[in-house]
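Every number here is computed from the coordinates shown, using simple stated rules; none is lab data. Nothing here was measured: the structure is a model prediction, and the numbers come from that model. Methodologically, a virtual Cβ is constructed for each residue, glycine included, from the backbone with ideal geometry; neighbour enumeration extends over all protein chains shown.
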Amino acid sequence: MYFPKLRPRRLRQTETLRKMVRETSLAVCDMIYPMFVSHGRGVKTPVPSMPGVFQFSVDVAVQEAVECASLGLPGIILFGLPAYKDETGSSAYDPEEAVQQAVKAIKKAVPELIIITDTCLCEYTSHGHCGLLDGNIVQNDATLEVLARVALSHARAGADVVAPSDMMDGRVGAIRKALDENGFEQVAILSYAVKYASAFYGPFRDAADSAPMFGDRRSYQMDPANIREAIKEVQQDLAEGADIVMVKPALAYLDVIRAVKEMTTIPVATYNVSGEYAMVKAAANNGWLNEKDIVMEMLLSMKRAGADLILTYFAKDVARWLKETD
Ligand code: PBG
């Protein structure tokens, strides 16, 4: 009955017209690049399940950070491969550790680049869980004290944003309190508020050497079946003082990104995780799909769903691709 008066194709006739009415776009300033930092010098170890991703020693991480800034990326997120692991993850707050050293060195080399630090214990505990254990049970409240120490050590090194990814209850509040009591009220908290117990993290656990030695993370990370619970998590983190909330993974959780976007006024981030990256790389390396087109479409869908920020291993590629099409 609307046809032939209404012809949606009218506005699709030329690229200029399409651009003019485009609802969503990707921008380099919305992309955060994740990096894995280790000890040593001149280290650039490839992560087999993530072609194009490496573990860097601090000196190489600095070069990478300089490159990120020159590509126009606003920030990076750092994960650490420590020199030692123990039951309580104490290397996570060691000022001599890779992350703290990398933060310091990168801040000095590129002060304008925003440094986010993943604040979790799984890379630092001998058992690979994100918190302290009592038997086989991950202890919530005891873990909070350690997480607060970790966040504080990152802030002391010069981190702009700390990003708790452990999924303990109350960690945003505990970290906020510790930061404020120590004069770091300007350090922001990006909460992995909605983090699902996901099979999409598989390749990351190789990259960060953080796979749990027994069991899984389902007693602290969220059940992939739940979305109302995501709202509850975000409400709680808002009350505890989160500055940015994140949904993770991204691609299989676009509905959750949308739901979170509609219930909050703070920025919403999403993490285009290692498994999402590995799937694209595997297919692209087989010539089964066009990497650039797939990546741009995937990331655009995250923006359309409501993400203000995207953490992605494709960040540097996207920055280059966006420059080409400009
Ligand atoms: C640490 C952490 C994980 C990721 C980010 N922080 C792994 C996990 O929870 O097992 C996953 C990132 C990715 O898959 O790219 N807790």
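Compute the distance from the alpha-carbon center of the range 1-48 to that of the range 75-142, in whole Å.
31 Å
Reachable aspartates and glutamates from K292, Cα under 19 Å, same-chain residues fewer than 8 places away excluded?
Within the straight-line limit of under 19 Å, K292 reaches these aspartates and glutamates: E15, D30, E276, D317, E324, D326.
Sort C120, C68 so that the residue with the fewest other Cβ atoms within 10 Å of its own Cβ comes first and the one with the most comes last.
Values: C120 27, C68 23.
Exposure proxy ranking, most exposed first: C68, C120.
Write down the percent of antiparallel bridges among all DSSP beta bridges whose residues are both part of the chain, to the nearest 5. Intermediate values should be presented prior to the final figure.
Numbers: 6 of 40 bridges.
Approximately 15 percent, going by the DSSP bridge assignments.
Output ³J(HN,Hα) for the range 157-162: one whole-Hz value per residue in order, computed from phi by the Karplus curve 6.51 cos²θ - 1.76 cosθ + 1.60 with θ = phi - 60°, and x for Gly and Pro.
Whole-Hz 3J(HN,Hα) from phi for the range 157-162: 6, x, 5, 7, 9, 10.
Output the pairs from K44/K195; K107/K261; K281/K316; K261/K281 with a Cα-Cα distance over 21 Å in this structure; if there are none, say none. Please report the intermediate quantities before stating the final value.
Values: K44/K195 29 Å; K107/K261 31 Å; K281/K316 15 Å; K261/K281 29 Å.
Exceeds cut-off: K44/K195; K107/K261; K261/K281.
Each residue of the range 174-181 in order: what ³J(HN,Hα) in whole Hz does its phi give by Karplus 6.51 cos²θ - 1.76 cosθ + 1.60, θ = phi - 60°, with x for Gly and Pro?
Ordered by residue, 3J(HN,Hα) equals 5, 5, 4, 4, 5, 5, 5, 5 Hz.
Order of 19-28, 89-98, 288-297 by packing, highest average Cβ count within 10 Å first? Let's see the in-between values first.
Values: 19-28: 11.2, 89-98: 20.5, 288-297: 14.6.
Top of the packing list down: 89-98, 288-297, 19-28.
Just how far, in whole angstrom, is the range 158-202 from the range 272-324 if you go by their alpha carbon centroids?
Answer, in whole Å: 25.
What size of dipole, in debye to the nearest 20, comes out for the chain about its Cα centre when the only charges are +1 on Lys and Arg C-beta atoms and -1 on Asp and Glu C-beta atoms? Intermediate results must be reported in sequence, preceding the final value.
Details: 35 positive and 42 negative charges, 340 e Å.
I would put it at about 1640 debye.
Send over the Kirkwood Rh of the range 25-325, from the inverse of the averaged 1/r over different Cα pairs, rounded to one decimal Å.
Result for the range 25-325, one decimal place: 19.0 Å.
Listed highest first by mean packing, meaning other Cβ atoms within 10 Å per residue, what order do 47-53, 136-142, 249-255 come in?
Working: 47-53: 16.6, 136-142: 14.7, 249-255: 19.4.
Ranked from most to least packed, the peptides come out as 249-255, 47-53, 136-142.
Fewest first, what order do E112, E64 take by the number of other Cβ atoms within 10 Å? Present the calculation step by step, with values, prior to reporting the outcome.
Details: E112 8, E64 19.
In increasing order of surrounding Cβ atoms, one gets E112, E64.
Let a ≥ b ≥ c be the square roots of the eigenvalues of the Cα gyration tensor of the range 197-321; is it rounded (a/c under 1.5), or, if not, prolate (a/b larger than b/c) or oblate? Don't jump to the answer; show the numbers that get you there.
Values: a/c = 2.09, a/b = 1.27, b/c = 1.64.
Taking the square roots of the gyration eigenvalues as a ≥ b ≥ c, the range 197-321 is oblate.
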